[in-house]
Amino acid sequence: MNIKKIMVLFVVTSISLIVFSGASFAEKEEIQWQPYETGIKMIEAQNKKGFLHFYTDWCTYCKIMNNQTFVDSKVIDYLNDNFVSIRVNADKQKEVARKYGVNRFPNTWFIAEDASSLSSQPGFIQPDMLLNMLKFLNTDSFKTMKFSEFMEKQNNAEKNQ
């Protein structure tokens with residue numbers, strides 16, 4: 001009888017571990033990427049700025065950006081809370097890449113609430129730098145100061161905390 005109780009306990013514990021570990025994998029945060037057409041419509045409908053990222057499957061720095069920048073929890077949270085994030089594979093959507101004049105990868109564009117282009121940044125972007133760029137644009141600081149001034153204010157604010 002004791003062996004049966006031990007076996008039941010073992011089975012229940014094993015099932016619990018599988019269920020809870022599976023839940024933690026499902027809860028992993030990711031950027032809520034949208035296809036281009038859907039994302040542009042969402043930008044206008046939600047009156048949010050857009051984050052438009054061009055990549056290719058063969059691009060080394062695109063892969064590095066995926067594995068370093070786009071897994072950073074602060075970047076994920078900020079993008080998901082404040083932007084409509086759009087991801088475009090330039091090899092598969094050549095017409096969209098042509099529209100933005102993108103021919104080097106990765107390439108990131110920042111889009112205004114009316115779906116017009118605000119700015120772009122070619123190349124790999126470190127997580128902390130991207131977060132600062134997103135804050136600069138999201139707060140409309142670009143309307144009153146240069147990015148270098150914004151960064152100086154950010155650094156001074158961090159020192160005073």
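Quick one: would you say I76 is in contact with a Ser or Thr (Cβ under 7 Å, 6 or more places away or on another chain) and modelled with pLDDT of 95 or more? Show your work before the answer.
Values: in contact with a Ser or Thr (Cβ under 7 Å, 6 or more places away or on another chain): no; modelled with pLDDT of 95 or more: yes.
Against the criterion (in contact with a Ser or Thr (Cβ under 7 Å, 6 or more places away or on another chain) and modelled with pLDDT of 95 or more), I76 does not qualify.
May I ask you to list the residues in segment 90-122 that are within 15 Å of the chain's Cα centre (by Cα) and either buried (at least 16 other Cβ atoms within 10 Å of the Cβ) or farther than 21 Å from F136 by Cβ (or both)? Before you say what the answer is, go through the steps one by one.
Looking only at segment 90-122, we keep the residues that are within 15 Å of the chain's Cα centre (by Cα), and these are 106-111, 121.
P106, N107, T108, W109, F110, I111, listed by residue number.
In segment 114-161, which residues are under 22 Å from I43 (Cβ atoms), touching a residue at least 24 places away in the same chain (Cβ under 8 Å) and not charged (D, E, K, R)?
Correct list: A115, L118, I125, L130, L131, L134, L137, N138, F142.
Go through segment 133-150 and report how many residues are surrounded by fewer than 16 Cβ atoms within 10 Å (Cβ to Cβ) and at negative phi. Explain how you work it out, then say what you get.
To start, the set of residues in segment 133-150 that are surrounded by fewer than 16 Cβ atoms within 10 Å (Cβ to Cβ) comprises 135, 139-140, 143-149.
Now restrict to residues that are at negative phi: 135, 139, 143-149.
The total comes to 9.
Taking segment 124-161 as the search range and keeping residues that are over 27 Å from T60 (Cβ atoms) and among the β-branched types (V, I, T), which one is nearest to the chain's Cα centre (by Cα)?
T139
Output the qualifying pairs, or none if there are none: Cβ atoms under 9 angstrom, residues six or more apart or on different chains, first residue in segment 62-73 and closer than 9 Å to P127 by Cα and among the acidic types (D, E), second residue at pLDDT 95 or above and assigned to a helix (DSSP H, G or I).
Matching pairs, first to second residue: D72/P127; D72/D128; D72/L130; D72/L131.
Inspect segment 115-128 for any residue being over 22 Å from I31 (Cβ atoms) and at pLDDT 95 or above and give the result as yes or no.
We begin by selecting, within segment 115-128, every residue over 22 Å from I31 (Cβ atoms); these are 116.
Subsequent filtering for residues that are at pLDDT 95 or above retains 116.
Taking every residue of segment 115-128 in turn, at least one turns out to be over 22 Å from I31 (Cβ atoms) and at pLDDT 95 or above.
The values are calculated or read from the model by the stated rules, or taken from the named source; none is laboratory data. The model shown is predicted, which means the values in this text are computed figures rather than measured ones. Every residue, glycine as well, gets a Cβ built from its backbone with ideal geometry; the counts of neighbours run over all protein chains shown.
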